[in-house]
């Protein structure tokens, strides 16, 4: 009897953790896919591949959101596109240029992230307005420099990002490793403690001798770097970089953060939750595709799911402020 009570208590304690629910939801959706499709295993593998990109951009967005209310990077879709285009152009379909092209893409993302924070700090623009403004600049540069062309990746890059190991996409394994590293950094490093402190109370962070400007500058740069890595890998995965390849990541980069259990009001991060939320969201997308629903209806349903979970968890910025 005591053992049963202990098990029930442990189960209830586990279910109270927000990061667990995306995994439960992912299992439920997968079971539903199994019932309506004979290719459920292939669907799961494809979902893992595309969820990898959600994980990478989600971690970057999570870092920004963790620094406090209103800190959201709206330039991510255009950073993905421009970084991917620059990387593919640098590689020029030559396998030996992959490393230098990756560095060029990452450098572009870091510059965009730095520009975002400089707009916020020097011109005193709200973060959402600053990153929205920079997104127009980045988008225009992409159009002027690359004129809407699809730039193909080297064959070796395409082959690498599509490799599977024991049925698991290599890119998904890479995303998990990145998530594990970032979780360790956020929980054990001075940087991790600093961004949580800033998000919880910026004045107290100043008084604790935390260099708020330096930490936030690094955070926005890291967000740009994560978007850039996503752009390079995504270009290799889909067979080329295009102007619109990052468009869907505006919504999903925020959605996976919220669904993963991080507070939209800042001060609380949850990397493991992002992994589950990313897989869940793409399983939902695939399930709705299998059911034959159009893109408009799919977006509406996905949006309703996100809204429902935000309010169910009490993670609205306005609710948090009242508390």
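The values are calculated or read from the model by the stated rules, or taken from the named source; none is laboratory data. Just so it is clear, the model here is predicted, and its values are computed rather than measured. All Cβ positions, even for glycine, are placed from backbone atoms using ideal geometry, and neighbour counts span all protein chains on display.
Any chance you could count how many residues in segment 215-239 are surrounded by fewer than 19 Cβ atoms within 10 Å (Cβ to Cβ) and either out of contact with any helix residue (DSSP H, G or I) (no Cβ under 9 Å at 6 or more places or on another chain) or closer than 22 Å to residue 45 by Cβ (or both)?
The number of residues fulfilling the criteria is 2.
Out of the residues in segment 286-312 that are surrounded by 12 or more Cβ atoms within 10 Å (Cβ to Cβ) and closer than 13 Å to residue 25 by Cβ, which is modelled with the highest pLDDT?
287
From the residues in segment 73-128 that are in contact with a strand residue (DSSP E or B) (Cβ under 8 Å, 6 or more places away or on another chain) and surrounded by 24 or more Cβ atoms within 10 Å (Cβ to Cβ), which one is farthest from residue 221 (Cα to Cα)?
88
Results for (1) free of Cβ contacts under 8 Å to residues at least 40 places away in the same chain; (2) assigned to a helix (DSSP H, G or I), shown as yes or no for each residue.
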| residue | (1), (2) |
| --- | --- |
| 30 | no, yes |
| 34 | yes, yes |
| 38 | yes, no |
| 45 | no, yes |
| 53 | no, yes |
| 62 | no, yes |
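Quick test for you: out of 108, 133, pick the one residue that is farther than 23 Å from residue 274 by Cα, in a helix (DSSP H, G or I), under 22 Å from the mean Cα position of the chain (by Cα) and touching a residue at least 24 places away in the same chain (Cβ under 8 Å).
Working: 133 fails: touching a residue at least 24 places away in the same chain (Cβ under 8 Å).
Of 108, 133, the one residue that is farther than 23 Å from residue 274 by Cα, in a helix (DSSP H, G or I), under 22 Å from the mean Cα position of the chain (by Cα) and touching a residue at least 24 places away in the same chain (Cβ under 8 Å) is 108.
Looking only at residues that are touching a helix residue (DSSP H, G or I) at 6+ places or on another chain (Cβ under 6 Å) and assigned to a helix (DSSP H, G or I) in segment 167-187, which one is surrounded by the most Cβ atoms within 10 Å (Cβ to Cβ)?
Here is the first cut: in segment 167-187, the ones touching a helix residue (DSSP H, G or I) at 6+ places or on another chain (Cβ under 6 Å) are 169, 171-172, 175, 179, 182-183, 185-186.
Within this subset, residues satisfying the condition of being assigned to a helix (DSSP H, G or I) are 171-172, 175, 179, 182-183, 185-186.
Working: 171: 25, 172: 23, 175: 27, 179: 20, 182: 22, 183: 18, 185: 14, 186: 20.
Among those that are touching a helix residue (DSSP H, G or I) at 6+ places or on another chain (Cβ under 6 Å) and assigned to a helix (DSSP H, G or I), it is 175.
Scan segment 190-222 for residues that are in contact (Cβ under 8 Å) with a residue 24 or more places away in the chain and over 14 Å from residue 68 (Cα atoms) and report the count.
4
Of (1) surrounded by fewer than 24 Cβ atoms within 10 Å (Cβ to Cβ); (2) farther than 30 Å from residue 90 by Cα; (3) in contact with a helix residue (DSSP H, G or I) (Cβ under 7 Å, 6 or more places away or on another chain), residue 262 satisfies all except one. Which?
(1)
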